[in-house]
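Participant: Below: one structure in structure tokens.
The values are calculated or read from the model by the stated rules, or taken from the named source; none is laboratory data. Just so it is clear, the structure is predicted and the values come from calculations on it, not from any experiment. Every residue, glycine as well, gets a Cβ built from its backbone with ideal geometry; the counts of neighbours run over all protein chains shown.
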Amino acid sequence: MKYTLQVLNELERDGVLDRYAIGGAMGATFYVEPLLTFDLDVFVVLSQTGGGLLSLAPLYEALRTRGYAEEGECVLIEGVPVQFLPAYNALLEEALREARDTSYEETPTRVVRAEHLIAICLQTGRDKDRERVRIFREQAELDLSYLADVLQRHGLEGKWKQWTP
Amino acid sequence: MDTLKPEIARLFDAKEARRHKLAALPFPEKVRAVVRLQEMAAPVLRARGRIVRVWNLDDRVA
């Protein structure tokens, strides 16, 4: 996976994307027990195109020129299927802005904070998100005051109360 | 509600403790554990017709 992350770092350095952070099940795995997944979900802030539209097309094109092919919803980068998810709302933009810097086998990278991953689960609202919130509460070291602020800012307190009786 | 027999409760406690131990592993070790989970799950999922790929962590591909 370090080679995958090196490619993501190159894309950021070259300005193909403004910022990225690992999310989804692999982001969760950073904080809790290993969770089965076959995709590396990567949230991205894309560089603004001339017309102001946010499109994954330039990113996919840059990856194609580097020899990485699309595979369904993902792009296979150095043996790992990566699914790019553009920051499409205020919560994701904030999650990316405040993602924590870390490293994987000496390769610098970024992971979405646990509190934002919880908020994203609440917003997405599927059964598996509910299960993930349960696992986070059980295993992750959470900053509860930070979490409360995130939930309040993004109108997710009701859902939190509903899911955590 | 029925209460758990002490030996069963101990088993559940041990499972819980193992989960916390796994959660505390360094990230690269957890990623390797995810790949082992993929190796176990992939044959079952493929038999159900799902296309899945086990990650290649170590070799540079492109």
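Participant: Yes or no: the range A:107-120 includes at least one residue that is over 14 Å from the mean Cα position of the chain (by Cα) and not small (Gly, Ala, Ser). Outline the logic, then answer.
Facilitator: Let us first name the residues in the range A:107-120 that are over 14 Å from the mean Cα position of the chain (by Cα), namely A:107-108.
Subset that is not small (Gly, Ala, Ser): A:107-108.
Scanning the range A:107-120 turns up at least one residue that is over 14 Å from the mean Cα position of the chain (by Cα) and not small (Gly, Ala, Ser).
Participant: Go through (1) farther than 21 Å from A:Leu36 by Cβ; (2) within 14 Å of chain B (Cβ to nearest Cβ); (3) assigned to a helix (DSSP H, G or I) and name the single condition A:Ser145 misses.
Facilitator: (2)
Participant: Being within 23 Å of A:Tyr88 (Cβ to Cβ) and within 14 Å of chain B (Cβ to nearest Cβ) is the filter here; which residues of the range A:123-142 pass it? Give the derivation first.
Facilitator: Going through the range A:123-142, the residues within 23 Å of A:Tyr88 (Cβ to Cβ) turn out to be A:123-130, A:132-133, A:136.
Across the range A:123-142, the qualifying residues are A:Arg132, A:Phe136.
Participant: For the range B:1-35, how many residues meet the condition of being more than 9 Å from chain A (Cβ to nearest Cβ) and farther than 24 Å from A:Glu105 by Cα?
Facilitator: 16
Participant: Right, another one. Can you name every residue in the range A:64-110 that is basic (Lys, Arg) and facing chain B (nearest Cβ under 10 Å)? Walk me through how you get there before you give the answer.
Facilitator: First, the residues of the range A:64-110 that are basic (Lys, Arg): A:64, A:66, A:97, A:100, A:110.
The answer is A:Arg66, and nothing else.
Participant: Also: Do any residues in the range B:23-35 that are closer than 17 Å to B:Asn56 by Cβ have Cβ atoms under 6 Å from those of residues that are modelled with pLDDT under 95 and surrounded by fewer than 17 Cβ atoms within 10 Å (Cβ to Cβ), where the two are at least six apart or on different chains, and which pairs are they?
Facilitator: Short answer, once both residue conditions are applied: B:Pro28/A:Glu105.
Participant: Right, next: Has the range B:34-54 got at least one residue that is surrounded by fewer than 15 Cβ atoms within 10 Å (Cβ to Cβ), within 28 Å of A:Thr102 (Cα to Cα) and either under 13 Å from the mean Cα position of the chain (by Cα) or among the aromatic types (Phe, Trp, Tyr) (or both)?
Facilitator: Looking for residues that are surrounded by fewer than 15 Cβ atoms within 10 Å (Cβ to Cβ), within 28 Å of A:Thr102 (Cα to Cα) and either under 13 Å from the mean Cα position of the chain (by Cα) or among the aromatic types (Phe, Trp, Tyr) (or both), one finds at least one in the range B:34-54, hence yes.
Participant: All but one of (1) at pLDDT 90 or above; (2) among the aliphatic types (A, V, I, L, M); (3) within 22 Å of A:Val80 (Cβ to Cβ) hold for B:Ala62; which doesn't?
Facilitator: If we test B:Ala62 against (1) at pLDDT 90 or above; (2) among the aliphatic types (A, V, I, L, M); (3) within 22 Å of A:Val80 (Cβ to Cβ), just (1) comes out false.
Participant: Still on this structure, please answer the following. Determine the pairs where a residue that is farther than 14 Å from A:Gly125 by Cβ, located within the range A:138-165, has a partner that is among the polar types (S, T, N, Q) and buried (at least 17 other Cβ atoms within 10 Å of the Cβ) with Cβ atoms under 8 Å apart, the partner being 6 or more residues away or on another chain.
Facilitator: Correct list of pairs: empty, since none qualify.
Participant: Would you point out which residue out of B:Val44, B:Val34, B:Val52 is in contact with a Ser or Thr (Cβ under 7 Å, 6 or more places away or on another chain) and either hydrophobic (A, V, I, L, M, F, W, C) or assigned to a helix (DSSP H, G or I) (or both)? Give the steps one after another, and end with the answer.
Facilitator: Values: B:Val44 fails: in contact with a Ser or Thr (Cβ under 7 Å, 6 or more places away or on another chain); B:Val52 fails: in contact with a Ser or Thr (Cβ under 7 Å, 6 or more places away or on another chain).
After ruling out the rest, the residue left standing is B:Val34.
Participant: Of the conditions (1) away from chain A (no Cβ under 11 Å); (2) closer than 26 Å to A:Arg137 by Cβ, B:Gln38 fails just one. Which one is it?
Facilitator: Failed condition: (1).
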